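Asker: If you scroll down you'll find the structure; I have some questions about it.
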Amino acid sequence: MFAINKITPNQISTYQTDIQRASPPLSSIEKQHINFLDSLYANENISQPLHSYDEALALLTPIFDKDYVENKSKINFVSTMNRFNQLEGYKKCHFIDWYSIQDYQYSSYTYLNSMLKLGTAVNHHHPLVAQLNLSLMHLSLFDNYHSQFTPRMVYRGEVRKAADMMFLQTNSSYKLDTFFSTYEIQDKVIPYLKDKTTLANDKINVLYEIQYTEPLVGANISALLKNGKHDVLFWPKTEFIITDIKSNPKDTNITIRMTTANLEQYEWDNHLHSLF
């Protein structure tokens, strides 16, 4: 884990001026990040309450399609906007962060992760992938900066192809191309596992037990959304170290114990810059 050093407002202003002189112009992602840092290091609210439907929509349309927001997403836009104000989400994030995380949870998670599994660079730089990455990075940075991160255990359950898991070894690195959802309560992951009588012959239940000790690789999204789900979401390519593997030849279950790998400053910076 690396230290986040405070930057004075004057330093941020100079950085913004230097960037604005550069060509090409700043992307929407870069502008968000600069505005976030500006507010974070000034100890101000990250954004402001929303005052109108049109204002809220305009904050999303640099990344999200208007027709998707209003007609295709499974989350209700007006309700999402109202909860952002009521729960004071603006103190910790931009509205586009709030929307991006909620949309992933309830609408776009299958689409985004299916796209990421294809493994192409184009898909990893898709605007919606980059936005969710940035939103999670900002949330983790906010919590760490304000000393709100607490190391803890998180859990995940899923059904995988047995062939994909047979070569895993303890003390080895484990990375996934997709966003990686986990829960702080183990009972919440059990529904994602199947009874062995219903599993296909080539499938296996996998239970992950993860020591979440590195604050800047994932984000406690339930603490932001106050939805009672106890969700921690890790971004793609997060590195874990396998500490133990338990399996029983007589059943179809495997337990993988892991810990989040230490993150160096340059690794976090490289991941951030890849979004721009």
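Asker: For the structure I just gave you, tell me whether Leu141 is of a type outside the set (Asp, Glu) and crowded, with 19+ Cβ neighbours inside 10 Å. I'd like the intermediate steps shown before the answer.
Answerer: On the way: of a type outside the set (Asp, Glu): yes; crowded, with 19+ Cβ neighbours inside 10 Å: yes.
Yes; evaluated as a whole, the condition is true for this residue.
Asker: Sort out which residues of the range 71-101 are surrounded by fewer than 16 Cβ atoms within 10 Å (Cβ to Cβ) and within 11 Å of Ala56 (Cβ to Cβ), and write them in order of number.
Answerer: Scanning the range 71-101 gives Val78, Asn82, Asn85.
Asker: Would you point out the residue of the range 182-234, among those that are crowded, with 19+ Cβ neighbours inside 10 Å and among the small types (Gly, Ala, Ser), that is farthest from Leu87 (Cα to Cα)?
Answerer: Gly218
Asker: Among the residues of the range 108-138, write down those that are without any contact (Cβ under 8 Å) to a residue 24 or more places away in the chain, among the aliphatic types (A, V, I, L, M) and surrounded by fewer than 19 Cβ atoms within 10 Å (Cβ to Cβ). Steps first, answer last, please.
Answerer: Here is the first cut: in the range 108-138, the residues without any contact (Cβ under 8 Å) to a residue 24 or more places away in the chain are 110-111, 114-115, 118, 120-123, 126.
From what is left, the residues that are among the aliphatic types (A, V, I, L, M) are 115, 118, 121-122.
Once the filter is applied, which keeps residues that are without any contact (Cβ under 8 Å) to a residue 24 or more places away in the chain, among the aliphatic types (A, V, I, L, M) and surrounded by fewer than 19 Cβ atoms within 10 Å (Cβ to Cβ), the range 108-138 yields Leu118, Ala121, Val122.
Asker: Give me the pairs, please: first residue somewhere in the range 225-248 and on the phi > 0 side of the Ramachandran plot and at pLDDT below 95, second residue anywhere and assigned to a loop (DSSP other than H, G, I, E, B) and not basic (Lys, Arg), beta-carbon distance under 6 Å, and either six or more positions apart or on two chains.
Answerer: Lys226/Leu87; His230/Glu184; His230/Ile185
Asker: Going residue by residue through the range 253-261, is there one that turns out to be of a type in the set (A, V, I, L, M), closer than 23 Å to Ser140 by Cα, at pLDDT 90 or above and within 21 Å of the chain's Cα centre (by Cα)? Working first, answer last.
Answerer: First pass over the range 253-261, keeping only residues of a type in the set (A, V, I, L, M): 254, 256, 258, 261.
With the extra rule that they be closer than 23 Å to Ser140 by Cα, the set shrinks to 258, 261.
Right, trim to at pLDDT 90 or above and you get 258, 261.
Cutting the leftovers down to within 21 Å of the chain's Cα centre (by Cα) gives us 258, 261.
Yes.
Asker: Answer with yes or no whether Thr182 is part of a strand (DSSP E or B), of a type in the set (S, T, N, Q) and in contact (Cβ under 8 Å) with a residue 40 or more places away in the chain. Give the steps one after another, and end with the answer.
Answerer: Working: part of a strand (DSSP E or B): yes; of a type in the set (S, T, N, Q): yes; in contact (Cβ under 8 Å) with a residue 40 or more places away in the chain: yes.
Spelling it out, Thr182 is indeed part of a strand (DSSP E or B), of a type in the set (S, T, N, Q) and in contact (Cβ under 8 Å) with a residue 40 or more places away in the chain.
Asker: On to the next question. If a residue must be of a type in the set (Gly, Ala, Ser), assigned to a helix (DSSP H, G or I) and over 20 Å from Gln211 (Cα atoms), how many such residues does the range 113-169 contain? Step through it out loud before you land on a result.
Answerer: We begin by selecting, within the range 113-169, every residue of a type in the set (Gly, Ala, Ser); these are 114, 119, 121, 130, 135, 140, 147, 157, 162-163.
Narrowing the set further to residues that are assigned to a helix (DSSP H, G or I) leaves 114, 121, 130, 135, 140, 162-163.
Within this subset, residues satisfying the condition of being over 20 Å from Gln211 (Cα atoms) are 114, 121, 130, 135, 162-163.
Count: 6.
Asker: Check the range 143-158 and report whether any residue there is under 14 Å from the mean Cα position of the chain (by Cα) and closer than 30 Å to Ala42 by Cα. Break it down stepwise before answering.
Answerer: Looking only at the range 143-158, we keep the residues that are under 14 Å from the mean Cα position of the chain (by Cα), and these are 143.
Then keep just the ones that are closer than 30 Å to Ala42 by Cα; that gives 143.
The answer is yes, given that some residue of the range 143-158 is under 14 Å from the mean Cα position of the chain (by Cα) and closer than 30 Å to Ala42 by Cα.
Asker: Could you check the range 235-252 and list, in sequence order, the residues that are more than 22 Å from Thr178 (Cα to Cα) and touching a strand residue (DSSP E or B) at 6+ places or on another chain (Cβ under 9 Å)? Even if it seems obvious, please write down each step before you answer.
Answerer: Of the residues in the range 235-252, the ones more than 22 Å from Thr178 (Cα to Cα) are 244, 246-252.
Those that are more than 22 Å from Thr178 (Cα to Cα) and touching a strand residue (DSSP E or B) at 6+ places or on another chain (Cβ under 9 Å): Asp244, Lys246, Ser247, Asn248, Asp251, Thr252.
Asker: In the range 235-246, which residues are among the polar types (S, T, N, Q) and either surrounded by 17 or more Cβ atoms within 10 Å (Cβ to Cβ) or part of a loop (DSSP other than H, G, I, E, B) (or both)?
Answerer: Step one: filter the range 235-246 for residues among the polar types (S, T, N, Q), giving 238, 243.
The answer is Thr238, and nothing else.
The values are calculated or read from the model by the stated rules, or taken from the named source; none is laboratory data. Remember, predicted model here, so these are calculated numbers, not experimental data. Glycine gets a Cβ as well: all are built from the backbone with ideal geometry, and neighbour counts include every protein chain shown.
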